[in-house]
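Asker: My questions will all concern the structure given below.
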Amino acid sequence: MQLNFARRCVHVFALLLCWAWAGGAPAQSTVEVIPLQYRTAEQVIPVIQPLLGRDASVSSFQNQLVIRATPAELAQVKRVLGSIDTMPRRLLITVRQDAGMERDRQEMEVSGSIGNDHARITVPGSGSRNGGNVVLRDGDNKLRARAADTTQISRDSTAQTIQVLEGHSAYIRVGESRPVPNRQVMRSVVNGRVVDRVVETVEYRDATTGFNVLPRVQGDRVTLDINPTRDTFDDQRRGAVNVQRVVTTVSGRLGEWIDLGGVGDARSDERTVLLGRSSGSVDDRRGVQVKVEELR
């Protein structure tokens, strides 16, 4: 009786062991090397990493993926790679940087001399002959009225284009260098006396316009990491450079202009003198736009 019971226990244990090997044990992992066609390993690994389990791993070797995973995980990875490891789309990126300034100036004054042999009042003028002038004279009396209204408008637009494959970065920049004289006074002590020596040097300053861009396309929408720059020499201040910078990430549709940003600066001043008044305003506007088109 006891012998039969022991035999039945051994039989049950064997059945449980077979069940564990058949369905209860985890699947065996395999290692497979998958070559990439169009994308780099750095681009695809972040995409397929979440598809792998805790015991799986993925690495790169000479633009190939080395994956250790279960057959089910490998099958899922291959399906995803089939949709993302495709020929990248060719893009034409255009960046437009606009600058506009409007200056207004209004001046009005009355000047002249009026009186007699006993008393005379004289109001000097500014000396400017701009604008409309009216002069009234009666003997030694002279009265001059002047009114001027001037407007200066300047517009400057720069457009640059570059071709790039989606997922790859591109860079374009053009500009010029100008020499800027520099004078320094070097002070030293010679034989107990302080001697000043003037040293003249020339340094070059650059003014460039361009942009760096990294496009990513999904369907008919594009996302850009972009930083356009626009530097211009200031002709009013020798050696000075006006700097414009934009660093941003934007998204929009292919073929449409996307606003990256803009700045505006409005200033005004007013001055009043004896029998005269002048006022002025400056309106400075700048904007940056980008457009991405697919080349087929």
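The values are calculated or read from the model by the stated rules, or taken from the named source; none is laboratory data. All figures in this text were calculated on a predicted structure; none of them were measured in a lab. Positions of Cβ are generated from backbone atoms using ideal geometry, with glycine treated the same way; all protein chains shown enter the neighbour counts. Remember, those area values only see protein heavy atoms, side chains included, never the ligands or the DNA or RNA. Shrake-Rupley method; radii C 1.70, N 1.55, O 1.52, S 1.80 Å.
Asker: Over segment 45-94, with the other protein chains present, what is the accessible area per residue in square angstrom, probe 1.4 angstrom? Display every interim value, and only then the final one.
Answerer: Working: 2830 Å² over 50 residues.
Averaged over the residues of segment 45-94, the accessible area is 57 Å².
Asker: Dividing the convex hull volume of the Cα atoms of segment 200-270 by its residue count, what figure in Å³ per residue is obtained?
Answerer: Numbers: hull volume 9.3 nm³, N = 71.
Output value, Cα hull per residue: 131 Å³.
Asker: Can you give the accessible area of ASP149, probe radius 1.4 Å, in Å² rounded to 10?
Answerer: The accessible area of ASP149 comes to roughly 110 Å².
Asker: Do any chymotrypsin sites (Phe, Trp or Tyr not before Pro) in segment 140-219 lie in a loop, going by DSSP, with at most 13 other beta-carbon atoms within 10 Å of their beta carbon, and if so which? It would help to have the intermediate numbers written out before the result.
Answerer: On the way: sites: TYR171, TYR204, PHE211; in loops: none.
Answer by residue number: there is no such site.
Asker: What does the charge count around LEU254 come to, taking other residues whose C-beta lies under 13 Å from its C-beta (Lys +1, Arg +1, Asp -1, Glu -1)?
Answerer: Computed value for this residue: +2.
Asker: So what J values fall out for segment 279-285 if you push phi through Karplus, 6.51 cos²θ - 1.76 cosθ + 1.60 with θ = phi - 60°, rounded to Hz, Gly and Pro as x?
Answerer: 8, x, 8, 10, 10, 10, 10
Asker: About the Cα centre of segment 211-296, what is the dipole size in debye to 20, counting +1 per Lys and Arg Cβ and -1 per Asp and Glu Cβ, all else neutral?
Answerer: For this selection, approximately 80 debye.
Asker: Something else: For segment 164-296, how big is the tail of P(r) above 27 Å, as a whole percent of Cα pairs?
Answerer: 52 percent
Asker: Dividing the alpha-carbon Rg of segment 235-296 by 2.2 N^0.38 Å yields what?
Answerer: Dividing the Cα Rg of segment 235-296 by 2.2 N^0.38 Å gives 1.89.
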